Amino acid sequence: MRGKFITLEGIEGSGKSTSLKDIANTLDKKSIDYILTKEPGSGSLGKDLRSLLLSNDNKISSEVELLLMMADRKNHLDSLIIPNLNNGKWVISDRYLDSTYAYQGGGRNMDFALIDELSNSLNLPAPDLTILFDLPVEIALERAKQRANLDRFEKEPIDFHNRIRNIYKARAEEDSKRIKIVDSSVSFQEVKDQVVYIISQFLNE
Ligand code: TYD
């Protein structure tokens with residue numbers, strides 16, 4: 001049987017990467033075979049694309065940024081996501097297509113129709129479940145700043161991050177069956193409880 005495809009989304013410092021561990025533990029308890037992965041940056045081509053995309057030294061236009069994100073995604077799908085799903089493994093990806101709508105569409109103000117077109121032409125599959133980690137931008141950026149170096153996206157002004165958050169929330173409202181929101185402004189334990197609940201509900205469907 002084909003595996004399930006789960007993605008984690010949210011603004012910088014929203015705590016999604018921390019929650020990967022909780023998801024992994026929940027799946028382990030059910031003896032579900034899975035892989036953990038992330039975008040951008042899977043595989044050797046992905047690693048190069050990731051460093052191009054995140055480097056503060058690069059001046060990249062919004063169009064090129066969008067195309068590089070999509071190139072990374074197509075490579076990720078073909079080399080890792082699809083083969084694993086076809087082998088019956090679940091794939092848990094830290095970021096996927098909703099990031100492009102939020103960051104390039106919302107953050108960079110790019111035309112959503114262009115993202116739709118690329119996504120349709122490349123036949124990008126929709127995840128079975130997406131967990132959106134949501135919290136006010138001010139709190140999230142404070143958390144992100146605790147990390148060592150800020151990348152090209154983390155250095156953007158607060159409005160950029162607010163536009164991203166708003167697009168994420170709008171998408172979750174439009175597609176509430178697939179996208180489940182976690183309030184990540186609360187304690188680690190409370191975030192964990194929400195994540196475990198969402199995964200358990202999904203397993204019972
Ligand atoms: P990363 O260090 O992985 O950040 P995070 O821990 O927040 O996921 O950096 C990935 C950056 O790339 C992040 O700022 C979001 C951005 N991004 C896009 O702009 N568009 C995309 O389609 C994806 C997948 C990521």
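The values are calculated or read from the model by the stated rules, or taken from the named source; none is laboratory data. Because the structure is a prediction, the values reported are computed rather than measured. Here the Cβ positions follow ideal geometry from the backbone for every residue, glycine too, while neighbour counts run over all protein chains shown.
Worth a mention:
- Test: residue in region 54-63 that is part of a helix (DSSP H, G or I) and in contact with a Phe, Trp or Tyr (Cβ under 9 Å, 6 or more places away or on another chain): yes
- Residue in region 110-125 that is within 13 Å of the ligand (Cβ to nearest atom), in a strand (DSSP E or B) and in contact (Cβ under 8 Å) with a residue 40 or more places away in the chain present: no
- Scanning region 187-205 for residues that are of a type in the set (Asp, Glu) and within 26 Å of residue 143 (Cβ to Cβ) returns 190, 193.
For every residue, the table says whether it meets (1) part of a loop (DSSP other than H, G, I, E, B); (2) modelled with pLDDT under 95; (3) exposed (fewer than 15 other Cβ atoms within 10 Å of the Cβ).
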site	(1), (2), (3)
149	yes, yes, yes
153	yes, yes, no
156	yes, yes, no
168	no, no, no
172	no, no, no
177	yes, no, yes
182	no, no, no
186	yes, no, yes
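- Being within 17 Å of the chain's Cα centre (by Cα), of a type in the set (D, E, K, R) and over 22 Å from residue 168 (Cα atoms) is a description that applies to residue 47.
- Scanning region 60-77 for residues that are of a type outside the set (A, V, I, L, M, F, W, C) and within 14 Å of residue 96 (Cβ to Cβ), we see that the one that is surrounded by the fewest Cβ atoms within 10 Å (Cβ to Cβ) is 74.
- Filter result (of a type outside the set (D, E, K, R), within 10 Å of the ligand (Cβ to nearest atom) and part of a loop (DSSP other than H, G, I, E, B)) within region 1-14: 11, 13, 14
- Leading residue by the ranking (nearest to residue 34 (Cα to Cα)) among those in region 166-204 that are small (Gly, Ala, Ser) and in contact (Cβ under 8 Å) with a residue 24 or more places away in the chain: 200
- Among the candidates 49, 85, residue that is buried (at least 16 other Cβ atoms within 10 Å of the Cβ), in contact (Cβ under 8 Å) with a residue 60 or more places away in the chain and more than 9 Å from the ligand (Cβ to nearest atom): 85
- Within region 136-147, considering residues that are of a type in the set (A, V, I, L, M, F, W, C) and under 20 Å from residue 38 (Cβ atoms), the one surrounded by the fewest Cβ atoms within 10 Å (Cβ to Cβ): 144
- Screening residue 21 against (1) within 19 Å of residue 132 (Cβ to Cβ); (2) surrounded by 15 or more Cβ atoms within 10 Å (Cβ to Cβ) leaves a single unmet condition, (2).
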